[in-house]
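Peer 1: After the structure tokens below, expect a handful of questions from me.
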Amino acid sequence: MAIAESDLFGGTCVNVGCIPKKLFSYAAHFREDFEIARGFGWNVGTNEAEPRFDWATLLANKDREIARLNGVYENVLKKAGVEIIRGRATLLGPHEIEINGKKHTAKHILVATGSWPTIPQIPGREHAITSNEAFHLERLPRRALVVGGGYIAVEFASIFNGLGVQTTLAYRGASLLRGFDKELGAHLAEEMAQKGVSILLNANPSRIDQQSSGLKVSFESQAGGEFDLVMFATGRKPNTANLGLEKAGVKLAADGAVIVDKYSASSVDSIHAIGDVTNRINLTPVATAEAMWLAKTLFRGEPTAIDHDNVPTAVFANPNVATVGLPEEKARERFGALDIYKTSFRALKLTMTGKKERSFMKLVVDRASQRVVGAHMIGPDAGEIIQGVAIAVKLGATKAQFDATIGIHPTAAEEFVTLREKAAP
Ligand code: NDP
């Protein structure tokens with residue numbers, strides 16, 4: 001068993017994704033936490049300059065933690081008896097690979113090369129960065145523009161805003177987080193705007209010009225603006241270029257993704273692919289699950305098809321968004337009649353502060369079977385809360401079974417078992 005790695009162990013998630021992003025997100029939340037603390041009697045500085053944030057300290061501490069994790073991953077591989085080959089692998093055929101000019105053969109080849117952020121082909125795109133670079137900025141900009149309306153865009157806009165950067169988010173569509181329940185996008189935009197992010201909808205940059213005072217960004221259909229940093233979070237592309245996949249006979253989709261069946265098998269018997277490179281559901285725990293299912297299929301004699309149903313997910317914007325199951329719109333297409341339950345409230349923790357932030361929760365219930373087919377939330381710790389709810393949804397729990405569950409008081413999570421009023425259709 002061998003692994004070829006040309007970069008750091010841990011891939012996108014550990015190095016330039018989930019982990020450092022969440023660390024940055026924690027850092028960004030402290031601004032509000034200090035404000036909230038005042039309502040509880042804490043003195044956290046008396047002038048504007050206090051408490052103070054130091055980007056260089058955050059960056060150095062983050063880099064140290066990521067280096068530790070790189071080491072942990074390497075040790076896990078070594079302990080499992082995996083031969084580590086440092087270098088970029090290219091396929092020469094169904095069982096043959098070349099790394100650093102040396103040929104190797106393998107009974108099975110697994111492609112798990114991930115994806116890479118993309119920037120649209122507009123003039124001046126070379127002045128913009130992606131999330132890859134955002135993790136290593138020498139200094140924080142004064143004014144930042146984040147382009148996109150998906151996971152990375154709303155997460156980074158929230159991070160920059162929390163760290164004191166004057167932040168603008170420009171999204172080409174009418175509502176953030178396309179593909180999620182529509183109410184989530186609308187509620188999130190409102191809350192992010194309340195917290196100070198300037199949100200431009202139906203706005204798409206058409207060119208970027210470097211000027212002495214900053215980056216001038218022109219938009220397709222509205223007035224432009226000037227920024228010190230422009231970050232594109234406009235999607236990611238599977239890493240399949242120059243891997244020799246076509247030469248080995250592996251079929252690729254138009255977007256470059258490896259085409260696989262429900263057992264993660266490519267068009268070549270000996271070659272499988274998992275994770276972002278297959279562009280199915282691009283989340284770390286999904287890739288990990290795909291790996292476990294594949295290990296069972298190939299090495300335990302238990303063919304195990306992928307199960308992409310009811311995958312919970314969280315967007316670590318401020319406030320957090322989390323969801324499992326179907327958005328109302330999709331559930332309506334699939335089931336027809338639905339019962340919708342929802343609530344919006346100010347969290348107890350905010351009641352002694354000037355904060356107006358409202359949490360939002362919604363259950364989507366198939367009227368015929370009474371099964372809860374979607375649970376959606378915006379608010380503090382939404383990811384932590386939805387993870388538990390996801391077990392019930394995955395098991396096919398009914399609304400009556402949610403109702404029969406006793407709440408934990410006082411929490412926000414208890415709202416999911418105390419929703420009694422159906423929303424008007
Ligand atoms: P997403 O696909 O989530 O969002 C891309 C955004 O960019 C969409 O709003 C899209 O608009 C917009 N866009 C796409 N192309 C263009 C273009 N040419 N011009 C202008 N806007 C464009 O991708 P991300 O890059 O945010 O993240 C990639 C993936 O990584 C996510 O989908 C997710 O699977 C994963 N991820 C998961 C995280 C988590 O679990 N918390 C965190 C970060 C990433 P439109 O909607 O109109 O298509």
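The values are calculated or read from the model by the stated rules, or taken from the named source; none is laboratory data. This structure is a prediction, so every number in the text was calculated from the model and none was measured. Methodologically, a virtual Cβ is constructed for each residue, glycine included, from the backbone with ideal geometry; neighbour enumeration extends over all protein chains shown.
Peer 1: Name the one entry in 35, 65 that is without any contact (Cβ under 8 Å) to a residue 60 or more places away in the chain and acidic (Asp, Glu).
Peer 2: The conditions single out 65.
Peer 1: Give the residue that is surrounded by the fewest Cβ atoms within 10 Å (Cβ to Cβ), with candidates limited to residues of segment 167-181 that are closer than 16 Å to residue 318 by Cβ and more than 17 Å from the chain's Cα centre (by Cα).
Peer 2: Step one: filter segment 167-181 for residues closer than 16 Å to residue 318 by Cβ, giving 167-169, 176-177.
Filter once more, so that each one left must be more than 17 Å from the chain's Cα centre (by Cα): 167-168.
Details: 167: 27, 168: 22.
Looking at the filtered set, the residue picked out is 168.
Peer 1: Tell me which residues, restricted to segment 165-185, are among the small types (Gly, Ala, Ser) and touching a Leu at 6+ places or on another chain (Cβ under 8 Å). If you could, list the steps in order and put the result at the bottom.
Peer 2: At the first step, the residues of segment 165-185 found to be among the small types (Gly, Ala, Ser) are 170, 173-175, 179, 185.
Correct list: 170, 173, 174, 175, 185.
Peer 1: Can you name every residue in segment 220-256 that is under 10 Å from residue 145 (Cβ atoms) and within 14 Å of the ligand (Cβ to nearest atom)?
Peer 2: 230, 231, 232
Peer 1: Shifting gears a bit: Have a look at 273, 257, 295, 287 and point out the one that is touching a Leu at 6+ places or on another chain (Cβ under 8 Å) and in the same structural domain as residue 90 (by TED's automatic domain parsing).
Peer 2: 273
Peer 1: Condition check: farther than 21 Å from residue 227 by Cβ, in contact (Cβ under 8 Å) with a residue 24 or more places away in the chain and either assigned by TED's automatic domain parsing to the domain that holds residue 358 or crowded, with 16+ Cβ neighbours inside 10 Å (or both). Does residue 151 satisfy that?
Peer 2: Yes; evaluated as a whole, the condition is true for this residue.
Peer 1: Considering each residue of segment 138-155, count those that are under 18 Å from residue 217 (Cβ atoms) and more than 8 Å from the ligand (Cβ to nearest atom), and give that number.
Peer 2: 6
Peer 1: Could you identify the single residue in 303, 238 that is in contact (Cβ under 8 Å) with a residue 24 or more places away in the chain and surrounded by fewer than 16 Cβ atoms within 10 Å (Cβ to Cβ)?
Peer 2: Matching residue, one of 303, 238: 303.
Peer 1: Working carefully through the options 284, 240, 304, 297, find the one that is polar (S, T, N, Q), touching a helix residue (DSSP H, G or I) at 6+ places or on another chain (Cβ under 8 Å) and under 23 Å from residue 105 (Cβ atoms).
Peer 2: Only one candidate qualifies: 240.
Peer 1: Looking at 260, 268, 250, 197, which is the one that is among the β-branched types (Val, Ile, Thr), surrounded by fewer than 22 Cβ atoms within 10 Å (Cβ to Cβ) and more than 21 Å from residue 118 (Cβ to Cβ)? Give the derivation first.
Peer 2: On the way: 260 fails: surrounded by fewer than 22 Cβ atoms within 10 Å (Cβ to Cβ); 250 fails: surrounded by fewer than 22 Cβ atoms within 10 Å (Cβ to Cβ); 197 fails: surrounded by fewer than 22 Cβ atoms within 10 Å (Cβ to Cβ).
Residue meeting the stated conditions: 268.
Peer 1: Right, here's the next one. With (1) within 12 Å of the ligand (Cβ to nearest atom); (2) surrounded by 19 or more Cβ atoms within 10 Å (Cβ to Cβ) as the list, and residue 162 as the residue in question, which single condition is left unmet?
Peer 2: (1)
Peer 1: Could you run through segment 106-133 and say how many residues are part of a helix (DSSP H, G or I) and away from the ligand (no atom under 12 Å from the Cβ)?
Peer 2: 3
Peer 1: Right, residue 57: away from the ligand (no atom under 16 Å from the Cβ) and farther than 18 Å from residue 6 by Cα or not?
Peer 2: Taking the combined requirement at face value, the residue satisfies it.
Peer 1: Give me a count of the residues in segment 117-133 that are more than 21 Å from residue 211 (Cα to Cα) and either touching a helix residue (DSSP H, G or I) at 6+ places or on another chain (Cβ under 6 Å) or crowded, with 16+ Cβ neighbours inside 10 Å (or both).
Peer 2: Final tally of qualifying residues: 3.
Peer 1: If the requirement is being in the same structural domain as residue 264 (by TED's automatic domain parsing), surrounded by 17 or more Cβ atoms within 10 Å (Cβ to Cβ) and within 20 Å of the chain's Cα centre (by Cα), which of these qualifies: 62, 22?
Peer 2: Of the residues listed, the single one that is in the same structural domain as residue 264 (by TED's automatic domain parsing), surrounded by 17 or more Cβ atoms within 10 Å (Cβ to Cβ) and within 20 Å of the chain's Cα centre (by Cα) is 62.
Peer 1: So how many residues does segment 259-279 have that are within 16 Å of the ligand (Cβ to nearest atom) and touching a strand residue (DSSP E or B) at 6+ places or on another chain (Cβ under 8 Å)?
Peer 2: 5
Peer 1: Within 13 Å of residue 153 (Cα to Cα) and either modelled with pLDDT of 95 or more or buried (at least 19 other Cβ atoms within 10 Å of the Cβ) (or both): does that describe residue 184?
Peer 2: Details: within 13 Å of residue 153 (Cα to Cα): no; either modelled with pLDDT of 95 or more or buried (at least 19 other Cβ atoms within 10 Å of the Cβ) (or both): yes.
Taking the combined requirement at face value, the residue does not satisfy it.
Peer 1: Can you go through 184, 201 and tell me which one is more than 30 Å from residue 52 (Cα to Cα) and either within 12 Å of the ligand (Cβ to nearest atom) or of a type in the set (D, E, K, R) (or both)?
Peer 2: 201 is the lone residue from the list that is more than 30 Å from residue 52 (Cα to Cα) and either within 12 Å of the ligand (Cβ to nearest atom) or of a type in the set (D, E, K, R) (or both).
Peer 1: Quick check: anything in segment 311-330 outside the structural domain of residue 188 (by TED's automatic domain parsing), surrounded by fewer than 17 Cβ atoms within 10 Å (Cβ to Cβ) and under 30 Å from residue 41 (Cβ atoms)?
Peer 2: no
Peer 1: Can I ask one more? Would you say residue 171 is within 25 Å of residue 202 (Cα to Cα) and free of Cβ contacts under 8 Å to residues at least 40 places away in the same chain?
Peer 2: So residue 171 fits the description; yes.
Peer 1: One residue is enough: does segment 212-219 have a residue meeting the conditions of a type outside the set (Gly, Ala, Ser), surrounded by fewer than 16 Cβ atoms within 10 Å (Cβ to Cβ) and touching a strand residue (DSSP E or B) at 6+ places or on another chain (Cβ under 8 Å)?
Peer 2: Taking every residue of segment 212-219 in turn, none turns out to be of a type outside the set (Gly, Ala, Ser), surrounded by fewer than 16 Cβ atoms within 10 Å (Cβ to Cβ) and touching a strand residue (DSSP E or B) at 6+ places or on another chain (Cβ under 8 Å).
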